[in-house]
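Notes follow the structure.
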Amino acid sequence: MPPDFKLDACWNRIGVRGDRSCPELEHTIHCRNCPVFSAAARTVLDAPATADFLKLATEHFARPETAAAAHAAASEAQSVIVFRVCAEWFAMRTGVCLEVAESRPIHPLPHRRDGAVLGLANVRGGLLVCISLAAILGVVATPEAESKQTRRGAVTQRLLVARGMAGPVVFPVDEIHGIERFAARDFTSIPATLAHAPVTYTQGLLALGERSVGLLDEKLLFYTVERSFA
């Protein structure tokens, strides 16, 4: 603060930080509820900055970005959950994933012709709409995937509960790999020669061991889900 700046900090003398003799405390309970305290705060915020503060701020913002800071910004990792649908592996940002639930019966809805809407499932006592990622992404089961599922058993199947545009929705998946963290530089772009359905909903590819995992564009995915409700 400027050297000539004066502030009557009555809260330190007769307020909650003082001897509490201020008669206003009977009504305001705490100094932060007092108009005198609010006026003092405005006065502090409106006070002119000192030359030392301006010099310090100028030096800080004029300082060039260090190589370490640039590298950290470029390599900022994001968390995704990796799962399998039929024979394809996909990833979805954990920020839109609410939980992974055990597989349970899906009750079909009458008079539904859209193959994307499978029905309703009871998750934590609430009925949530189940959406077929296989139908939306256009992936189909292969003999190899069915053989792997038979060997591992149906227990590997899970329900992925995600935060949709209009509320939670459920995506039955054939297998959950788990949560992984990847830097933005780890993702590769989709080849322009590919145009099948999974690529349409995929923002990029990442390598997970010998697997190629597609990062889903959840905005486009949830937009398609909302249209399936119509």
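Where a number appears in this text, it was derived from the coordinates with a stated rule and is not lab data. Predicted, not measured: the structure shown is a model, and the values here were computed from it. No Cβ is skipped: glycine too gets one built from the backbone with ideal geometry, and neighbour counts run over all protein chains shown.
Computed quantities for the displayed model
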| read-out | value |
| --- | --- |
| For the stretch 48-55, 3J(HN,Hα) per residue [Karplus equation, 6.51 cos²θ - 1.76 cosθ + 1.60, θ = phi - 60°, Hz, x = Gly/Pro] | x, 6, 7, 5, 5, 5, 5, 5 |
| Sequence-distant residues sharing a close amide H with LEU118 (under 5 Å, placed H) | CYS130, ILE131, SER132 |
| Extension gain (nm, one decimal) between LEU7 and THR94, 0.36 nm per residue minus Cα-Cα | 26.4 nm |
| Gained length - ALA51 relative to THR188, 0.36 nm times residue gap less alpha-carbon distance | 44.4 nm |
| Amide H within-cut-off set for CYS86, under 5 Å, with H built and near neighbours excluded | ASP174 |
| Inter-site label distance for SER79 and ARG32 at 7 Å from Cα along Cβ, in nm | 2.9 nm |
| Virtual spin-label span in nm between HIS107 and LEU208, 7 Å along Cα→Cβ | 3.3 nm |
| Sites ALA39 and ARG63, calculated FRET efficiency, Cβ-Cβ separation with R0 30 Å, nearest 0.05 | 0.25 |
| Net lengthening on full extension, GLU226/ARG163 (0.36 nm per residue, minus Cα-Cα) | 21.5 nm |
| Distance in nm between pseudo-label sites at SER21 and ARG124 (7 Å out along the Cβ direction from Cα) | 5.5 nm |
| Distance between the stretch 47-64 and the stretch 201-223 - C-alpha centres, whole angstrom | 45 Å |
| Peptides ranked, highest mean first, by Cβ atoms within 10 Å: ranges 166-175, 207-216 | 166-175, 207-216 |
